[in-house]
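Take a look at the structure set out below.
Computed from the coordinates by the stated procedures, all read-outs in this text should not be read as laboratory data. Bear in mind that the values here come from a model prediction, so they are computed numbers and not experimental data. No Cβ is skipped: glycine too gets one built from the backbone with ideal geometry, and neighbour counts run over all protein chains shown.
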Amino acid sequence: MRIKLENACALVIDFQTGLMPSIKHNKKIEENAAMFISGCQVLDIPVVVTQQYTKGLGETTDIIKSALGEFSWFEKTSFSCCGAEGFMEALEKSGKKDIILTGVEAHVCVMATALDLIEKGYNVYLLADCVSSRKADDAKIALRRMEKTGVIITTAEAALFEMLLDAKHPLRKQISALVK
């Protein structure tokens, strides 16, 4: 199953200041996610952002904010983004069916969202280099479980080039510059 550019929507889950310091490989995960978000901006892919209980876990981190530019987010207390008020309505209104996941924690909010989206008939892609958890084993097991339920595991760079389809794509040079 291929990610189709015209059908793609990126989901940035809970990259928050109060949570990220405890996440394994946090800097690398943030850098990869920021690069992917920048690629989404170039390709005009909608990016949806969530924050889990902002009052307790803080705002979206600066590196992610920088990549997003001006943005709004869905506030949530449910682990699945699908439980956030207005989230599913916005996703359905977008008409996008290829949902690309980034975020934390892999075994809680990312997995709950992935499982719900699969159940609702979406094509779900997870960027393995843009997700993590506090404990490495939790993330590893979550990725295995999600893959067994139909989530396609890939990476940020692979997803961006997959959507271009061809080296002759007019935006290829901009994407190539981002991934270097």
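Give me H107, H169 ranked fewest to most by other Cβ atoms within 10 Å of their Cβ, as a rough exposure proxy.
On the way: H107 23, H169 15.
Lowest count first: H169, H107.
Based on DSSP, what percent of beta bridges with both residues in the chain are antiparallel, to the nearest 5?
Among the beta bridges of the chain, antiparallel pairing accounts for roughly 5 percent.
List the DSSP H helices in the chain whose Cα atoms stretch 20 Å or more along the helix axis and whose mean Kyte-Doolittle hydropathy is at least 0.0. Kindly include the intermediate steps, with their values, before the conclusion.
Details: long enough: 26-43 (25 Å, 0.07).
Helix filter hits for the chain: 26-43.
Fewest to most neighbouring Cβ within 10 Å: what's the order for F36, F161, F15?
Ascending Cβ contact count within 10 Å gives the list F161, F36, F15.
May I ask you to compute the full-extension gain from I152 to E59, defined as 0.36 nm times their residue separation minus their alpha-carbon distance, rounded to one decimal in nm?
Details: separation 93, 0.36 × 93 = 33.48 nm, distance 2.88 nm.
Length difference between fully extended and current span is 30.6 nm.
Mind checking the full-extension length gain between A167 and M1? Use 0.36 nm per residue of separation minus the Cα-Cα distance, one decimal, nm. If you can, show how the numbers build up before the last one.
Working: separation 166, 0.36 × 166 = 59.76 nm, distance 2.00 nm.
My answer for the length gained is 57.8 nm.
Report the relative contact order of the chain, percent, no decimals, based on alpha-carbon pairs under 8 angstrom and at least 6 residues apart. The partial results should precede the final answer.
On the way: 323 pairs, mean separation 49.1, N = 180.
Once normalised by length, the contact order is 27 percent.
Considering the chain as a Gaussian network with a 10 Å cut-off on Cα pairs, which listed residue, L101, L127, L57, attains the greatest mean-square fluctuation?
Sorting by GNM fluctuation, first place goes to L57.
Here are labelled values, (1) 14.9, 47; (2) 15.4, 43; (3) 20.1, 56, and one is the computed Rg and Dmax of the Cα atoms in Å for what I pasted. Which one?
(1)
Per 0.36 nm of contour for each residue apart, how much would the distance between S94 and K140 grow if the chain were fully extended, relative to their Cα-Cα spacing?
On the way: separation 46, 0.36 × 46 = 16.56 nm, distance 3.11 nm.
Taking 0.36 nm per residue and subtracting the Cα distance, the gain is 13.4 nm.
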